[in-house]
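This report refers to the structure that appears directly beneath it.
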Amino acid sequence: MPLETRALRFCSSLRLCFCPASCPPQGFTKLKFPFCRMLAALVFTLLCIQSAHGQPCPYGFEYNRNLGQCSDVNECSWPQPCQGEMLCVNRIGGYQCLSSDYYDRPYRRVSPAQPEPSYPDPSDRIPDTFARTPPRAVEPSYPIVNNPALCTLGYALAADGTCNDIDECETNSHHCNPTQVCINTAGGYTCSCTEGYWLIAGQCQDIDECRYGYCQQLCANVAGSYSCSCNPGFLLNPDGRTCQDVDECEEQPCSHGCFNTYGSFMCNCDEGYELASDGTTCIDLDECSFSEFLCQFRCVNTPGSFSCICPPGYYLYEDSRSCEDVNECDTGNNTCTTEQVCFNFQGGYTCLNPLQCQPPYLAVSDNQCMCSAENPACRDLAFTILYRHMDLSSGRSVPADIFQMQATTRYPGAFYIFQIKSGNSGREFYMRVSTQESVNGRWNESMRAGQSE
């Protein structure tokens, strides 16, 4: 009974016998043939159950328990191992997909010339029969590759018989998606992503580099890359990531002084100036507006400072704020004649004419007139008249005593009257008794003249 031997798929290399298409053979009944099929299916199922103690094998091999070693896997037996019309050719540890027209070429086998049939010579007395010729070879019904030395997957046979790598990226025979980049390798290719992208679920997606702190200050993510920038007051370094401080003071942005800071700058002004609202220019400071007591008389503002001035007849003191009287009588800067007496007062001077005593008074000195007691006309008059000139300084505290007068009693029963004769219409001045005492039988009385509030 002719039987057909087939290798089991995905199982061991054990072979089973199946009936060919002409089964059942003679002598087998219809009842026995289904039983044969059931037996074969049962054996097939048992052989396909893989042991839980399988041995690890490299890619393209599987462990054969019968042989106790790793055997090649026939990938061509898998469902559609090659795409399209490609034909699968199994290799040791792999497989190769070839174009369908590779086997569709007509079979042209080059065989050596067949020997001409030999005929016996009639002169020879040999039976009249032909010599037996060698049997003629029968052409096979399956395609035969002319060059049995096929190259491994990813290589093509060259004219010199060597195997050259196929650049799938150049021939556009790769299967990378549009977002990927094809990189040719020895015997194959790799689908990768360009810089700035990473592969997620078979697609190249942009990497947000800004999330990883690539920039020191500001970062802007762009497709496939990123861009770093700096805050105002900083400059991007040549490395394109870090920033360095800019010394703005080199460009002299301030009208007076400049102080560089990290990422910025500060302007300062000279004494007597203040910084304007723009932060760079300086404007004059009006010191005179701060206080009315800055100068004794008058304050004059100047650029960046101030000055004090005094009225005529005064000069500015060493403190540059107070005013002192100019004594024109001492300096000689007056217009008095030789007969006149120069009298200085605060802020000026006056020229006094020589003392002229009114009769019955007689001049006894340059400032005193006396009326003699022997003169009857002097009986009801003051004994002496003394002329005193004095100046009053302004700005003094009041009330205050200005001068003191003292009189001595020469006659028993005499009394004295002190009073302000003129010049006190506003009652700015007053007089008061200071002391009264008896000395050697004479009464002394002191009077003080003062300035009221």
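The values are calculated or read from the model by the stated rules, or taken from the named source; none is laboratory data. Predicted model only: the values in this text are computed from it and were never measured. FYI the Cβ positions are ideal-geometry reconstructions off the backbone, even for glycines, and counts take in every protein chain you see. Side chains are part of the model used for accessible areas, which takes the heavy atoms of the whole protein and leaves out ligands, DNA and RNA. Shrake-Rupley method; radii C 1.70, N 1.55, O 1.52, S 1.80 Å.
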Scan region 240-266 for residues that are on the phi > 0 side of the Ramachandran plot and open to solvent by 90 Å² or more (accessible area, probe 1.4 Å) and jot them down.
Gln252
Selection status of Pro354, open to solvent by 100 Å² or more (accessible area, probe 1.4 Å), in a loop (DSSP other than H, G, I, E, B) and either on the phi > 0 side of the Ramachandran plot or not hydrophobic (A, V, I, L, M, F, W, C) (or both)
no
Checking the structure you have, find out if any residue of region 192-204 is at pLDDT 90 or above, hydrophobic (A, V, I, L, M, F, W, C) and open to solvent by less than 40 Å² (accessible area, probe 1.4 Å).
no
Determine the pairs where a residue that is free of Cβ contacts under 8 Å to residues at least 12 places away in the same chain, located within region 410-430, has a partner that is open to solvent by 90 Å² or more (accessible area, probe 1.4 Å) with Cβ atoms under 9 Å apart, the partner being 6 or more residues away or on another chain.
Ala414/Trp443; Phe415/Trp443
So is Thr335 modelled with pLDDT of 90 or more, assigned to a strand (DSSP E or B), over 60 Å from the mean Cα position of the chain (by Cα) and not acidic (Asp, Glu) or not?
no
Take region 295-308 and flag every residue that is in a loop (DSSP other than H, G, I, E, B) and out of contact with any Ser or Thr (no Cβ under 6 Å at 6 or more places or on another chain).
Cys295, Phe297, Pro303, Gly304
Condition test on Pro311, is it within 30 Å of Cys193 (Cβ to Cβ) and either in contact (Cβ under 8 Å) with a residue 24 or more places away in the chain or in a loop (DSSP other than H, G, I, E, B) (or both)?
no
In region 323-348, the residues that are open to solvent by 50 Å² or more (accessible area, probe 1.4 Å) and in contact (Cβ under 8 Å) with a residue 24 or more places away in the chain
Val341, Phe345, Gln346
Looking at region 221-232 only, could you name the residues that are open to solvent by less than 50 Å² (accessible area, probe 1.4 Å) and in contact with a Phe, Trp or Tyr (Cβ under 8 Å, 6 or more places away or on another chain)?
Gly224, Cys228
